[in-house]
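All remarks here apply to the structure that follows.
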Amino acid sequence: EAQVTQNPRYLITVTGKKLTVTCSQNMNHEYMSWYRQDPGLGLRQIYYSMNVEVTDKGDVPEGYKVSRKEKRNFPLILESPSPNQTSLYFCASSFGPGHQETQYFGPGTRLLVL
Amino acid sequence: QKEVEQDPGPLSVPEGAIVSLNCTYSNSAFQYFMWYRQYSRKGPELLMYTYSSGNKEDGRFTAQVDKSSKYISLFIRDSQPSDSATYLCAVNTNAGKSTFGDGTTLTVKP
């Protein structure tokens, strides 16, 4: 079954404790992207990757890191989480910006930073 | 100023009504135009996708893009209670940058 998986789905942590949210896809997609969604707001792009070893900043990259060492995985790293990073996070993948019909979203990761 | 502005709503209509949802964008670099539907506590679901000016129809849904005015719309005909959700417009560049509107919450009353 084609899917994007995210782990964990829910996480409560404390300020400053490094964490990683994993994202994995099984469709051989080149393009992967991370978004955060806050109440009353649409999705805001954090980072995206057009292919292995190619990553770029989205609109809200501060406080986040990513890596794309393998095609299927695109982890989101919060080196020193702060309360303003409390949010709902979505990972998505597709064959590229011009192939939105192939896009899949993960189920979301709900993060609370105390 | 936001790169994508979406009519905020919320919108409440009776069943069977025609719904019009609208967004404007400011950057000509955006080449791909999408509408997503999002149910509460779920991920976005792609409804419509287009890359050219004009209309694209899929069942009860029509996406309209006017690149000269930088205006995108989604029309829902014969709206149903199951259409009640938040609708998000989004635009992409060729390079992968993706920008969403803030969403419009639609309620269709039986």
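Going through the range A:20-47 one residue at a time, which ones are aliphatic (A, V, I, L, M) and either within 14 Å of another protein chain (Cβ to nearest Cβ) or not in a loop (DSSP other than H, G, I, E, B) (or both)? Selection gives A:Val21, A:Met32, A:Leu41, A:Leu43, A:Ile46.
Before we move on, is A:Ser80 of a type in the set (Ser, Thr, Tyr) and in contact with a Gly (Cβ under 6 Å, 6 or more places away or on another chain)?
It is true that A:Ser80 is of a type in the set (Ser, Thr, Tyr) and in contact with a Gly (Cβ under 6 Å, 6 or more places away or on another chain).
A single entry from B:Leu46, B:Leu11 fulfils the requirement of being within 15 Å of the chain's Cα centre (by Cα), open to solvent by 40 Å² or more (accessible area, probe 1.4 Å) and within 23 Å of A:Arg36 (Cβ to Cβ): B:Leu46.
For the range A:78-90, a residue qualifies if it is touching a strand residue (DSSP E or B) at 6+ places or on another chain (Cβ under 7 Å), more than 9 Å from every other protein chain (Cβ to nearest Cβ) and outside any loop (DSSP other than H, G, I, E, B), and the qualifying residues are A:Leu78, A:Pro83, A:Gln85, A:Ser87, A:Tyr89.
Kindly evaluate B:Ile72 against the criterion of being crowded, with 22+ Cβ neighbours inside 10 Å, more than 14 Å from every other protein chain (Cβ to nearest Cβ) and not polar (S, T, N, Q). Against the criterion (crowded, with 22+ Cβ neighbours inside 10 Å, more than 14 Å from every other protein chain (Cβ to nearest Cβ) and not polar (S, T, N, Q)), B:Ile72 does not qualify.
Picking from B:Tyr51, B:Tyr39, which residue would you name as being within 14 Å of chain A (Cβ to nearest Cβ), within 18 Å of A:Thr102 (Cα to Cα) and not β-branched (Val, Ile, Thr)?
B:Tyr51
The residue that is surrounded by the most Cβ atoms within 10 Å (Cβ to Cβ), counting only those in the range A:60-114 that are in contact with an Asp or Glu (Cβ under 8 Å, 6 or more places away or on another chain) and charged (D, E, K, R), is A:Arg68.
Within the range A:57-84, work out how many residues are polar (S, T, N, Q), within 20 Å of A:Pro39 (Cβ to Cβ) and in contact (Cβ under 8 Å) with a residue 40 or more places away in the chain.
1
Only residues that are within 15 Å of B:Met48 (Cβ to Cβ) and either part of a loop (DSSP other than H, G, I, E, B) or among the hydrophobic types (A, V, I, L, M, F, W, C) (or both) were counted in the range B:63-102, giving 14.
Sort out which residues of the range A:48-59 are open to solvent by 30 Å² or more (accessible area, probe 1.4 Å) and either within 13 Å of another protein chain (Cβ to nearest Cβ) or under 18 Å from A:Leu19 (Cβ atoms) (or both), and write them in order of number.
A:Met50, A:Asn51, A:Val54, A:Thr55, A:Asp56, A:Lys57, A:Asp59
The values are calculated or read from the model by the stated rules, or taken from the named source; none is laboratory data. Keep in mind the model is a prediction, meaning the values are calculated, not measured. Note that we place each Cβ from the backbone using ideal geometry, even for glycine, and neighbour counts take in every protein chain shown. The area values use the complete protein model at the heavy-atom level, side chains included, leaving out ligands, DNA and RNA. Shrake-Rupley method; radii C 1.70, N 1.55, O 1.52, S 1.80 Å.
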